[in-house]
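All remarks here apply to the structure that follows.
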Amino acid sequence: MGKGNDNLSFTQVLTLLDNNHIQTIEFIENPILSELLTITHKINTLYINNDIIALEKYVLEKQKETMNNPQDKTIFLEYCCACNFYQDLSQNIIFTKSDQKRLSLILNRVSDWQYEDIFFFGNTLGLLPKKEIYQKSGFIISHAIKANLNTKRWYDDVLDALLNAISVLTRKDYNLAKKLLYQFKQLPLSDRYAFEKIYIKAFQSYIDYIETKNDTHFQSIIQITELLDLPDLKDGFITGFRQVKQIYG
């Protein structure tokens, strides 16, 4: 199985989890949310359908649109999102070093992390260097605590972006993933975030395995998914664990 397909099982659950939190009232109260989800709907559809050819065509269209509108930040970020999913699926790189510098510059200018900033961060993680992922995630966690983002309707999206960051770092640099996971645990999580809590346990089990080569903790997580009848979650965790074993032995 190709890496793209592996990542689909590992990370797409986060997308599904994210979408399941969205309620109709949020579209009424947050037009930005509706607009941004429209941006990624086509990308997600092509990604889920494993349609590399159509996704590449879409990326090239967005790249051309970006070149024709060099001052338009939103168009550029749409292009980044498309590149992120295309690169994950195909392992082909269209995103340039210049593109990466511009994306980093945009994210570096963010101090008051709002929904739109977190949305684009979470959907461009695969394009960022590992240290930058860790640094930006730390900023988001600090801001979330200080600004009481747990009172916002889009707190789910904050958590999902951070969990995705931990997921990416687990494969790139588990020490950074371990540090970020510790910081993530400082965030307030009520019982309504049961899925997120399970993800925390799963990622911790990956790190435990990397350090000890003992999969007891991971197997207990799988038992929980079976007990709760969550086959998609189970499959995603198993795929993620296989990736960890391939990378770290």
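Once you've got the GNM for the chain with C-alpha springs shorter than 10 Å, pick whichever of Leu228, Leu128, Leu46 has the biggest mean-square fluctuation.
In this elastic network of the chain, the residue with the biggest mean-square fluctuation among Leu228, Leu128, Leu46 is Leu228.
Placing unit charges on C-beta atoms (Lys and Arg positive, Asp and Glu negative, everything else neutral), compute the dipole magnitude of the chain about its Cα centre in debye, rounded to 20. Before the final figure, lay out the partial values.
Details: 28 positive and 30 negative charges, 195 e Å.
Once rounded to the nearest 20, the dipole reads 940 debye.
Output the 0 to 90 degree angle, nearest 10, between the alpha-carbon long axis of helix 155-172 and the longest principal axis computed from the alpha carbons of the chain.
Long axis of 155-172 versus the principal axis of the chain: about 80 degrees.
Find the relative contact order for the chain and round it to a whole percent, using C-alpha pairs within less than 8 Å whose residues are 6+ positions apart.
Details: 228 pairs, mean separation 51.0, N = 249.
Relative contact order comes out at 20 percent.
Leaving out same-chain residues fewer than 8 places away, which lysines sit with a Cα under 24 Å from that of Lys185?
Within the straight-line limit of under 24 Å, Lys185 reaches these lysines: Lys130, Lys131, Lys136, Lys146, Lys152, Lys172, Lys197, Lys201, Lys213, Lys234.
Between Lys185, Lys146, Lys172, which gets the highest mean-square fluctuation from a Gaussian network model of the chain, Cα cutoff 10 Å?
Checking each option, the largest mean-square fluctuation is seen for Lys146.
For the chain, what does -39500 (n - 2.57) per DSSP helix run (n ≥ 4), summed and divided by total residues, give at 222 nm, in deg cm²/dmol to the nearest 500?
Numbers: 13 runs with 193 residues, N = 249.
Taken over the chain, the calculation gives -25500 deg cm²/dmol.
Just to be sure I understand: with springs between alpha-carbon atoms less than 10 Å apart, which residue in Lys97, Lys136, Lys234 has the highest mean-square fluctuation in the Gaussian network model of the chain?
For the chain, modelled as a Gaussian network with Cα springs under 10 Å, the answer is Lys97.
Taken together, the values in this text are just the output of simple stated rules run on the coordinates, not laboratory data. All of these numbers come straight from a predicted model, not from anything done at the bench. Using ideal geometry, Cβ is built from the backbone for each residue, glycine included, and neighbour counts are taken over all protein chains shown.
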